[in-house]
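Peer 1: Right, I'll just put the structure down here and ask away after.
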Amino acid sequence: MTRVLILGIDSAEPLQIESWIKELPTMRQLYETYYRRVQSTVPPITIPAWLTAFSGLNPGYFGLYDLRYRVPGTYTDYRLYSYRVVEHIDFIWNRASKRGLKTVLCFVPGTYPPPRIRGYVVADFFTPDTSSDFTWPRELKEEVLNVVGGEDQYIIDVYDYRRIEPRKLYRKLIEKIEHDFKILKYLLRTKDWDLAICVLMSVDRAQHTLWKYFDREHPRYVEDPELKYGLLNLYKKIDEELSNLVTQLPRDTVVIVMSDHGAKRMYARINVNEVLIQERFLKLKEKPSKPMTLKQLDEKKLIDWERTIAWSWGAYVGQVWINLEGREPKGVVKRSEYEDICRQVADALSKVRDPNGRKLNNVVHYKWNAYTGPKTTYMPDITLYFDNLHYGANEMVGFNTVYSLETAKGPDDSNHGEYAIFMCSEKPPQEVGKLEDVEKILEQILELQPP
Ligand SMILES: [Zn+2]
């Protein structure tokens, strides 16, 4: 019986891995055996991407496009993701459980509250605090806290990573990698398992702040002799820890290193709702006196929904909804006009240029092409990758400009990229071209029945 260990590096970008692989000897062994750039989901965002990889299902099955999702029947109310939203889905860990196999899930995005699987779970960064039940079984929590030296030493996430002083952030992220491997090694050494999945968030957290120190083409590039190697050193640290871990694994273990999406330098964000206002698709009753989120505008009753055709959410990509009759509380767009209006709105947004008037490589994904599954109806009608993701998005209104560097979340050096990485210690039974393929590979290696 073959076992599988997946080490997920959230946000690991193919171009970075490819240029740094010579300095990562453990990953290099996998890379030289089997490596592919893998198409991420639309949108290339953590929650839908990992859930797709481990279920083989399009995000239209979950109705998820971000860490939050809009409450149906409202314009701006949202809920934060929880595993409860997807617990009916047949993830690889459920399929493995049904076949009597044991799974270890360690920090896998989307696993809070922890699924009650045959095996062991330490939940992800959605864990609210250490007093919560973030492990499965519950008793595991005590063991996990002991491994890191007590409750006050347990690190759920490195918070506010967009604003921490960069050197301090770098040190915290190195610490977090050590912390995560301590727990992973402990679980793999002391528990019985067939499939183990661990996802590290440190590279993702680093990229939003440390990208400008190594990328000379970054518009805010900073020459810094130490931080220049910040991101590379995080990868080296992961490689070193992985090398150490691999020596402890049973010989029959297949090792996979993969990501959920990539990353690329971000020039600025497009204030999508400002563009929609200029193009007369979004109507305000009154302009706000300072920048506000859509929800704040709505609470102040500043949005004229009866005359609004489209509005947008999103920080990495533009997520646009059409004010559709019968679906939205004050819908004005008729079903018969829906696709036509989608195209008009997408065309208007695609014409956005850079601050110097240069053309951007804007990419449009329509809902009817991007999604399948029972919850497709909840997905944004249009998803826009501004300059193919070199520009992010921003929903706030009141800047009086189409471009901004900061959002409510803070400044940001990098956006997500549309490709992820996949490397494996042996040639997989079939090609991996997109995230959906990962689940099929795992089923075959673990010899599970097809669904
Ligand atoms: Zn991610």
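Coordinate-derived values only; no laboratory data. Note that the structure is a prediction, hence the values are computed from the model and not measured. With ideal geometry, Cβ positions are generated from the backbone for all residues, glycine too; neighbour counts draw on all protein chains shown.
Peer 1: Is there a pair in 141/185; 22/264; 285/330; 228/290; 212/295 whose C-alpha atoms are over 27 Å apart, and which pairs would that be? Could you put the intermediate results ahead of the total?
Peer 2: Details: 141/185 15 Å; 22/264 21 Å; 285/330 15 Å; 228/290 36 Å; 212/295 32 Å.
As for pairs spanning more than 27 Å Cα to Cα, those are 228/290; 212/295.
Peer 1: When the dipole is taken about the Cα centre of the chain, and only Lys, Arg (+1) and Asp, Glu (-1) are charged at their Cβ, what size is it in debye, to the nearest 20?
Peer 2: 620 debye
Peer 1: Moving to a separate point now. Listing 46, 135 from the residue with the fewest other Cβ atoms within 10 Å to the one with the most, what is the order?
Peer 2: Working: 46 25, 135 20.
Sorted ascending by nearby Cβ count, the order is 135, 46.
Peer 1: With no solvent and one equal point scatterer per Cα, compute the Debye intensity ratio I(q)/I(0) for region 268-411 at 0.10, 0.14, 0.17, 0.20 Å⁻¹ and report its log10, rounded to two decimals.
Peer 2: Here log10 of I(q) over I(0) equals -0.31, -0.63, -0.93, -1.28.
Peer 1: Pull up the DSSP beta bridges for the chain and report the antiparallel fraction as a percent, rounded to 5. Don't skip to the answer; put the middle values down first.
Peer 2: Working: 34 of 60 bridges.
Percentage antiparallel, nearest 5: 55.
Peer 1: Jot down the radius of gyration and Dmax of region 27-152, Cα atoms only, both in angstrom.
Peer 2: 16.5, 51
Peer 1: Which whole-number percent of Cα pairs in the chain have a distance greater than 42 Å?
Peer 2: Values: 15441 of 101475 pairs.
Roughly 15 percent, once rounded to a whole number.
Peer 1: Taking the dipole about the Cα centre of the chain, with the C-beta of Lys and Arg at +1 and of Asp and Glu at -1, give me whichever of 369, 86, 277 is farthest to the positive side.
Peer 2: 277
Peer 1: Moving to a separate point now. Please identify the cysteines of the chain that lack any partner cysteine with a Cβ under 4.7 Å from their own Cβ.
Peer 2: Within the chain, the cysteines lacking a partner Cβ under 4.7 Å are 342, 424.
Peer 1: Rank by packing, highest mean first: peptides 337-344, 269-276, 436-443, with packing defined as the count of other Cβ atoms within 10 Å averaged across residues. Write down the numbers at each step before the final one.
Peer 2: Working: 337-344: 15.9, 269-276: 25.5, 436-443: 20.5.
In decreasing order of mean packing, 337-344, 269-276, 436-443 become 269-276, 436-443, 337-344.
Peer 1: Let me spell out the model: positive unit charges on the Cβ of Lys and Arg, negative unit charges on the Cβ of Asp and Glu, origin at the Cα centre of region 144-300. What dipole size does that give, in debye rounded to 20?
Peer 2: Values: 29 positive and 26 negative charges, 150 e Å.
Charge dipole, region 144-300, about its Cα centre: 720 debye, nearest 20.
Peer 1: Quick check on the exposure proxy: order 126, 422 from fewest to most C-beta atoms within 10 angstrom. Please report the intermediate quantities before stating the final value.
Peer 2: Numbers: 126 20, 422 27.
Least to most surrounded, the residues fall as 126, 422.
Peer 1: Calculate how many DSSP beta bridges within region 268-411 are antiparallel, expressed in % of all such bridges and rounded to the nearest 5.
Peer 2: Numbers: 17 of 22 bridges.
Given both bridge residues lie in region 268-411, the antiparallel proportion sits at roughly 75 percent.
Peer 1: Take the Cα gyration tensor of region 362-451, multiply each eigenvalue by 5, square-root it, and list the three semi-axes largest first, rounded to whole angstrom. Walk me through the intermediate numbers first.
Peer 2: Working: eigenvalues 254, 66, 26 Å².
Gyration-tensor ellipsoid for region 362-451: 36, 18, 11 Å.
Peer 1: A follow-up question, please. Straight distance only, please: which aspartates and glutamates reach the Cα of residue 351 with their own Cα at less than 16 Å, same-chain residues fewer than 8 apart left out?
Peer 2: Reachable aspartates and glutamates: 274, 279, 387.
Peer 1: Mind giving me the FRET efficiency for residue 178 and residue 376? R0 is 41 Å, r the Cβ-Cβ distance, nearest 0.05 is fine.
Peer 2: Approximately 0.50, to the nearest 0.05.
Peer 1: Can you classify region 10-101 as rounded, prolate or oblate using the Cα gyration tensor, where a ≥ b ≥ c are the square roots of its eigenvalues, rounded means a/c under 1.5, and otherwise it's prolate if a/b beats b/c and oblate if not? Let's see the in-between values first.
Peer 2: Details: a/c = 3.20, a/b = 1.60, b/c = 2.00.
Oblate.
Peer 1: Quote the relative contact order of region 268-411 in percent (integer), defining contacts as alpha-carbon pairs under 8 Å separated by 6+ residues. Could the numbers behind the result be given before it?
Peer 2: Values: 263 pairs, mean separation 53.7, N = 144.
Computed over region 268-411, the figure is 37 percent.
Peer 1: Using a ≥ b ≥ c from the Cα gyration tensor of region 290-374 (square roots of the eigenvalues), is it rounded, prolate or oblate, where a/c under 1.5 gives rounded and otherwise the larger of a/b and b/c decides, a/b for prolate?
Peer 2: oblate
Peer 1: Oh, and also: Kindly state, to the nearest 0.05, the FRET efficiency for residue 232 paired with residue 132, given R0 = 51 Å and r defined as their beta-carbon distance. Write out the running numbers ahead of the final one.
Peer 2: Details: r = 35 Å, r/R0 = 0.68.
That gives a FRET efficiency of 0.90.
Peer 1: Report the relative contact order of region 26-132, percent, no decimals, based on alpha-carbon pairs under 8 angstrom and at least 6 residues apart.
Peer 2: On the way: 131 pairs, mean separation 19.4, N = 107.
Taking the mean separation of contacting Cα pairs over the length of region 26-132, I get 18 percent.
Peer 1: List the relative contact order of region 217-320 as a percent without decimals, with contacts defined as Cα pairs under 8 Å and 6+ residues apart. Display every interim value, and only then the final one.
Peer 2: Working: 51 pairs, mean separation 22.7, N = 104.
Dividing the mean separation by the residue count of region 217-320 yields 22 percent.
Peer 1: Taking the Cα centre of the chain as the origin and placing charges on Cβ (Lys, Arg +1; Asp, Glu -1), which of 25, 243, 73 is farthest toward the positive end of the dipole?
Peer 2: It is 73, whose Cα lies furthest towards the positive end.
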